[in-house]
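The values are calculated or read from the model by the stated rules, or taken from the named source; none is laboratory data. It should be emphasised that the depicted structure is a prediction, and the values quoted were computed from it without experimental measurement. Positions of Cβ are backbone-derived with ideal geometry, glycine not excepted, and every protein chain shown enters the neighbour counts. These accessible areas exclude ligands, DNA and RNA; they are computed on the full protein's heavy atoms, side chains included. Shrake-Rupley method; radii C 1.70, N 1.55, O 1.52, S 1.80 Å.
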Amino acid sequence: SGESGTGKELIARHIHFEGPRKNKPFIVVNCAAIPDNLVESELFGHEKGAFTGAETSRAGKFEIADGGTIFLDEIGDMRLESQAKLLRVLQDGVVERVGSAKTRQVNVRAIVATNRNLKKAVEDGAFREDLYFRLEVLTIELPPLRDRMQDLPLLVGHFREKLAKKLGIPAPPIEADVIEAFRRYRWPGNVRELEHTLEQ
């Protein structure tokens, strides 16, 4: 968990690619970007004719991630009905495609991310308590950039090299007064904003 731009997906990728599942799929799902009526189809798949426009059967993200890792970003934006189905997958390791009564076994590690306070969402009735406790196995809190200013020179150096390679130019020097100006700024967009600022 952490504010937007702190690098939650990067941490999830590191966990996957440094672990025993590294040769299996790493599937990213932005829960906030999927329309409510398509969440189940996206995550669990659907059968041909299950709904208007379902012209073929299709595997969902959990089936595609079988043996690997699924990264569910912005989990706090998932609607309650879909949360119940997600809980079943996490507990039993089975998915049921929309329009099918058949279940399929999957072996997927789920890593979820949020910039919301899920405990408060549970108290407000916006997030299922049973799902919250299922996800609370291990929490990694990513601090905002303003609380880790000691990392600023390292991050600037890293992005300077990365961007120079991307743009095909020599890495330009970063003057000390620029670093000092960066230290005084609050970075509401965190590390993502820092990278974009350096690119500009």
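Output the antiparallel fraction of DSSP beta bridges having both residues in segment 36-132, as a percent to the nearest 5. Don't skip to the answer; put the middle values down first.
Numbers: 5 of 10 bridges.
The antiparallel proportion sits near 50 percent.
Of the GluC sites (Glu not before Pro) found in segment 126-198, those that fall in a DSSP loop while having at most 14 other beta-carbon atoms within 10 Å are Glu136, Glu141, Glu175.
Averaging Cα coordinates gives a centre for segment 169-191 and one for segment 89-148; these two points are 35 Å apart. Under the combined filter of DSSP loop state and at most 12 neighbouring Cβ atoms within 10 Å, segment 1-95 retains these GluC sites (Glu not before Pro): Glu18, Glu55.
Given the chain, what whole percent of its Cα pairs are spread farther than 25 Å? Provide the component values of the computation, followed by the final result.
Working: 9584 of 19900 pairs.
Summing the P(r) of the chain above 25 Å gives 48 percent of all pairs.
Over the C-alpha trace of segment 1-78, radius of gyration and Dmax come out as 14.3, 41 angstrom. Between Asp124, Asp177, Asp36, the Gaussian network model of the chain with springs among Cα atoms under 10 angstrom shows the greatest mean-square fluctuation at Asp177. Ordered by solvent-accessible area of protein heavy atoms (1.4 Å probe), largest first, the residues Thr69, Thr103 come out as Thr103, Thr69. Within the straight-line cut-off of under 22 Å between alpha carbons, the lysines reachable from Lys120 are Lys8, Lys85, sequence neighbours fewer than 8 places apart in one chain being disregarded.
Computed about the Cα centre, the dipole magnitude for the chain is approximately 480 debye when only Lys and Arg (+1) and Asp and Glu (-1) carry charge, each at its Cβ. Loop-located trypsin sites (Lys or Arg not before Pro) in segment 104-196 (DSSP state not H, G, I, E or B) with no more than 16 neighbouring Cβ atoms inside 10 Å: Arg116, Arg148, Arg186.
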